[in-house]
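For reference, the structure is listed below as structure tokens.
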Amino acid sequence: MTAEAAADPPLLEQDLCTGCAACCDGTMFTYVPVTREEQAALSDLLTLETRADDAIFHQPCPHSVGQRCQIYALRPQTCRSFRCKTLYAMHKGEIDSAEAFRRVREMLASREQLKTMMEIGESIAEARDRRQKVAQASARTPEEMAFLLKLTAFDLLLDRYFRDKGQQMFSRSPGKAAAD
Ligand code: SF4
Ligand code: SF4
């Protein structure tokens with residue numbers, strides 16, 4: 001985490017994020033890494049899965065409620081230091097706030113369209129698994145083809161504006177501004 005990212009973000013950045021939460025609710029990522037040092041403090045708050053050098057918890061994060069982090073003061077370092085491409089670009093003054101909010105609105109609208117093609121109760125992570133099966137099947141219904149294309153377009157939108165290409169997890173290094 002950088003010293004710059006340690007302080008609470010500016011209000012406009014907080015407004016952008018509390019209208020989004022896509023990096024917490026499973027839209028963008030499947031898991032979040034936490035450091036070894038944080039594990040004891042977080043073990044009562046999150047279900048951690050230990051790995052060789054750190055631990056992870058899976059998304060959607062149970063503490064993302066109403067597009068807000070319910071454990072904001074206690075959130076892991078990875079969450080504190082994360083800025084998606086759009087937030088980073090706004091923070092650096094490379095895009096204005098109107099463009100940042102437009103991108104979030106576009107992404108949320110696209111996700112709503114995608115959800116109409118998902119199965120009842122299916123998460124986006126599960127939909128990505130299903131896409132794999134649909135893509136590998138020898139034949140596809142028109143509905144399956146539309147679902148496959150929509151989810152792929154949605155992931156491309158996420159890659160363009162919000163995360164590194166195909167990124168599965170929160171990264172501890174801040175995102176880079178996306179070229180528009
Ligand atoms: S995806 Fe970006 S804009 Fe949305 S909540 Fe995360 S950091 Fe904020
Ligand atoms: S702990 Fe808070 S910031 Fe981190 S993923 Fe969960 S809701 Fe998001």
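Starting from the coordinates of the alpha-carbon atoms of segment 84-165, obtain the Kirkwood hydrodynamic radius over all distinct pairs and give the value in Å to one decimal.
Details: mean 1/r = 0.0717 Å⁻¹.
Its Kirkwood hydrodynamic radius stands at 13.9 Å.
Compactness of the chain was expressed as the Cα radius of gyration divided by 2.2 N^0.38 Å, which yields 1.07. Taking each residue as 0.36 nm, the span from Val65 to Asp15 lengthens on full extension beyond its C-alpha to C-alpha distance by 16.5 nm. For segment 1-82, the direction-averaged projected area of the alpha-carbon convex hull comes to 5.4 nm².
What net charge do the residues around Cys17 carry, taking every other residue with its C-beta under 10 Å from that of Cys17, with Lys and Arg at +1 and Asp and Glu at -1?
0
On segment 84-165, 54 percent of the accessible area sits on carbon and sulfur atoms, based on a 1.4 Å probe. Taking each residue as 0.36 nm, the span from Thr47 to Glu112 lengthens on full extension beyond its C-alpha to C-alpha distance by 20.6 nm. Solvent-accessible area per residue in segment 47-151 equals 58 Å², computed with a 1.4 angstrom probe and all protein chains kept. For the pair Ala98 and Arg36, label points projected 7 Å from Cα toward Cβ lie 5.1 nm apart. The apolar share of the surface of segment 1-82, taken as the fraction of accessible area on carbon and sulfur atoms (1.4 Å probe, ligands and nucleic acids excluded), comes to 55 percent. Tell me whether segment 50-117 comes out rounded, prolate or oblate; compute the Cα gyration tensor, take square roots of the eigenvalues as a ≥ b ≥ c, and use a/c under 1.5 as the rounded threshold. Taking the square roots of the gyration eigenvalues as a ≥ b ≥ c, segment 50-117 is oblate. The angle between the Cα long axis of helix 97-115 and the longest principal axis of the Cα atoms of the chain comes to about 40 degrees, rounded to the nearest 10.
Determine the gain in length on full extension of the stretch Arg140-Leu157; use 0.36 nm per residue of separation and subtract their C-alpha separation, reporting nm with one decimal.
Value of the extension gain: 3.7 nm.
Over the chain, what is the percentage of antiparallel beta bridges among all DSSP beta bridges, to the nearest 5?
On the way: 8 of 9 bridges.
The answer is about 90 percent antiparallel.
Ranking Thr152, Gln113, Ala89 by how far each Cα lies toward the positive end of the dipole of the chain (charges on Cβ) leaves Thr152 at the top.
The values are calculated or read from the model by the stated rules, or taken from the named source; none is laboratory data. Here the structure is a predicted model, which is why all the values come from computation and not from measurement. Positions of Cβ are generated from backbone atoms using ideal geometry, with glycine treated the same way; all protein chains shown enter the neighbour counts. For the accessible areas, the whole protein counts, side chains as well, though only heavy atoms, and no ligand, DNA or RNA atoms are used. Shrake-Rupley method; radii C 1.70, N 1.55, O 1.52, S 1.80 Å.
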